[in-house]
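The values are calculated or read from the model by the stated rules, or taken from the named source; none is laboratory data. As the structure is a prediction and not an experimental result, all values here were calculated from the model. Please note: Cβ atoms are built from the backbone with ideal geometry, for glycine as well, and neighbour counts cover all protein chains shown. Just so you know, the surface numbers come from the protein's heavy atoms only, side chains and all, with ligands and any DNA or RNA stripped out. Shrake-Rupley method; radii C 1.70, N 1.55, O 1.52, S 1.80 Å.
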Protein chains: 2
Amino acid sequence: MQVISSIQAIKQSIKALIKENRSTIGFVPTMGALHEGHLSLVRQAKKENDTVVVSIFVNPLQFGKHEDFTRYPRTFGNDCNLLSQEGVDIVFNPSATEMYPDGFCTSVIPESLEDKLCGKSRPGHFRGVAVAVLKFFNLIQPDIAYFGQKDFQQTVVIKRTVSDLNVGVTIKVLPTIRDQHGLALSSRNAYLSETEKTDALCLYTALTRAKTLANMGTTDTGEILREMEKIITRCTSATIDYIAIVNPETLETVPKVQNGDVVALAVRMGKTRLIDNVTLILMIAFSCLIL
Amino acid sequence: MQVISSIQAIKQSIKALIKENRSTIGFVPTMGALHEGHLSLVRQAKKENDTVVVSIFVNPLQFGKHEDFTRYPRTFGNDCNLLSQEGVDIVFNPSATEMYPDGFCTSVIPESLEDKLCGKSRPGHFRGVAVAVLKFFNLIQPDIAYFGQKDFQQTVVIKRTVSDLNVGVTIKVLPTIRDQHGLALSSRNAYLSETEKTDALCLYTALTRAKTLANMGTTDTGEILREMEKIITRCTSATIDYIAIVNPETLETVPKVQNGDVVALAVRMGKTRLIDNVTLILMIAFSCLIL
């Protein structure tokens, strides 16, 4: 496994790859502190491509001033061991100055998407994501890039940026990986105390309740949200940032649930902000059957 | 010569080109109404590449509300004849809805460059340029793209965007083509009356004076600008938008001229806004010789 940190070197490696054997490249962008969620993306990339590139870059542009940039978990040695075991070909871990040298001044802004959901409490986050991912796509020239459904709004932003700018990369979004109790895996779970970790299960309980309600034919957004709020507010260490049911492309909130709409939430457990989401499936055929 | 207007078709053509013969692609983006300035870019592209693609797209995003989008000269038939004679392989002329379909919401913003020089009186212009050119680069995947020095700030913005986003395209900037009297060729010259056209020569006279002053060792920006203003204000139909001497990468105005700085100007001749520029060369060796 090659570990590359300079832009010049990654360009050369990719150029050689493309020239030599015209292999397909699968790409998994990460901020490191890898868990089974990331590894599920890597494994899928391995299955579908000749070469797999993983980036590890804690991107300063996607952190707000008072966010956890400096204390974000960094476990580079362990990450490399995990990726090597998975048969990854190249790890790209540029420094911030390599990515954003003096004079850097280009913003990539997903205008109508960046102020919704997480964007409200994380201004500038999604433009930070968009510019870094676009740079990686241009450098690594993947055929397919892999993202986890857990970061739902991020996947919507990336798909929109790629489509709007005609970037020749296929975006695949893979299911959220959860622990045995249902908590969505996240590098930020490392911040949680044992109590907070147990309490955090209310997120999945609330999402599952929403899914069941929609499954059973409830389309009234207000009704579903009220049920979810009840479940989460019962948990004392939880503070709701938002819960919303939205169109999966525009992120506009919907008054009435349609098939494929997404219920997304952000909740603070103590000082740790967690996000999660599920897609709602209206079992119309099923409910007709019952009737 | 293929004339292509759909994104799907241009993607297929480029894919086939790259797959079949690994030829190099030269690209000249234009808004049509072609003149010898554009053709000089096309000829250079022909010399240096196996395949030449020219886009003709009057990009609505780079026009302000009260600018000349609707009356901008459109001479598509004639343009195609000219390009065919030059041996161009592909003309790409997408519609605005093909380029910016419903839901399009991505901005590409050259933050520290867009509010300078022309940006002051054309807010939004350079982000409009940046996003269209980036889309063309992603669709056409050129090895080299060609721009004219006449649109100096545009070339600075494009070079910065390409560098910041790690786009794998080489940008070549070719000299401004002028008529026999020195007027820089521009599609907008078609708007000028005969009197305005004659008066417009004061732009080149002023720029030449600046060049001579710098050549002779004058480095005081104020002195050069005053001389230029004198020349232009003498011409009654001319209204100065700006004259500035700037660093050719940052576009910051400089108090003292350094080798390679650019003197750029925008002047209204009646209702028509013209731009022009020259690079200043300090002939230090030459002036030492005289001393």
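Is at least one residue of the range B:263-279 in contact with a Pro (Cβ under 7 Å, 6 or more places away or on another chain), at pLDDT 95 or above and open to solvent by less than 30 Å² (accessible area, probe 1.4 Å)? Checked the range B:263-279: no residue is in contact with a Pro (Cβ under 7 Å, 6 or more places away or on another chain), at pLDDT 95 or above and open to solvent by less than 30 Å² (accessible area, probe 1.4 Å). One residue stands out among those in the range A:242-262 that are open to solvent by 60 Å² or more (accessible area, probe 1.4 Å) and in a strand (DSSP E or B): the one that is farthest from A:THR195 (Cα to Cα), which is A:LYS256. Here the range B:138-167 is the region considered, the condition is being away from every other protein chain (no Cβ under 14 Å) and of a type in the set (S, T, N, Q), and the residue that is farthest from B:SER112 (Cα to Cα) is B:GLN149. Against the list (1) within 8 Å of chain B (Cβ to nearest Cβ); (2) exposed (fewer than 15 other Cβ atoms within 10 Å of the Cβ), the condition A:LYS135 fails is (2). Of everything in the range B:1-36 that's closer than 17 Å to B:ALA145 by Cβ and β-branched (Val, Ile, Thr), which residue is surrounded by the fewest Cβ atoms within 10 Å (Cβ to Cβ)? Looking at the filtered set, the residue picked out is B:ILE18.
Here are B:GLU229, B:GLU252: which of them is of a type in the set (Asp, Glu), under 16 Å from B:CYS118 (Cβ atoms) and either out of contact with any Lys or Arg (no Cβ under 6 Å at 6 or more places or on another chain) or free of Cβ contacts under 8 Å to residues at least 60 places away in the same chain (or both)? I'd like the intermediate steps shown before the answer.
Numbers: B:GLU229 fails: under 16 Å from B:CYS118 (Cβ atoms).
Only one candidate passes the filter, namely B:GLU252.
On the basis of being in the same structural domain as A:ALA9 (by TED's automatic domain parsing) and closer than 22 Å to B:VAL108 by Cβ, does A:SER55 make the cut? Spelling it out, A:SER55 is indeed in the same structural domain as A:ALA9 (by TED's automatic domain parsing) and closer than 22 Å to B:VAL108 by Cβ.
Residues that are in contact with a helix residue (DSSP H, G or I) (Cβ under 7 Å, 6 or more places away or on another chain), within 30 Å of B:ALA96 (Cα to Cα) and open to solvent by less than 20 Å² (accessible area, probe 1.4 Å): find the helices (runs of 4 or more DSSP H) completely inside the range A:147-230 holding 1 or more of those. Step through it out loud before you land on a result.
Values: elements: A:152-164, A:194-199, A:201-215.
By residue number, A:152-164.
Is it the case that B:PRO142 is surrounded by fewer than 20 Cβ atoms within 10 Å (Cβ to Cβ) and assigned by TED's automatic domain parsing to the domain that holds B:GLN62? Please lay out each step first, then the result.
On the way: surrounded by fewer than 20 Cβ atoms within 10 Å (Cβ to Cβ): no; assigned by TED's automatic domain parsing to the domain that holds B:GLN62: yes.
No: the conditions fail for B:PRO142.
Screening the range A:68-127 for residues that are more than 30 Å from B:LYS159 (Cβ to Cβ), touching a strand residue (DSSP E or B) at 6+ places or on another chain (Cβ under 8 Å) and of a type in the set (Lys, Arg) and picking the one that is nearest to the other protein chains (Cβ to nearest Cβ) gives A:LYS116. Checked against (1) outside any strand (DSSP E or B); (2) at pLDDT 95 or above, A:CYS235 passes all but condition (2).
Please list, ordered by first then second residue, the pairs with beta carbon atoms under 9 Å, 6 or more apart or interchain, first in the range B:177-195 and touching a residue at least 60 places away in the same chain (Cβ under 8 Å), second in a loop (DSSP other than H, G, I, E, B) and basic (Lys, Arg). Listed by first residue and then by second, the contacts come to B:ILE177/B:LYS150; B:ALA184/B:LYS150; B:LEU185/B:LYS150; B:SER186/B:LYS150; B:TYR191/B:ARG71; B:TYR191/B:LYS271.
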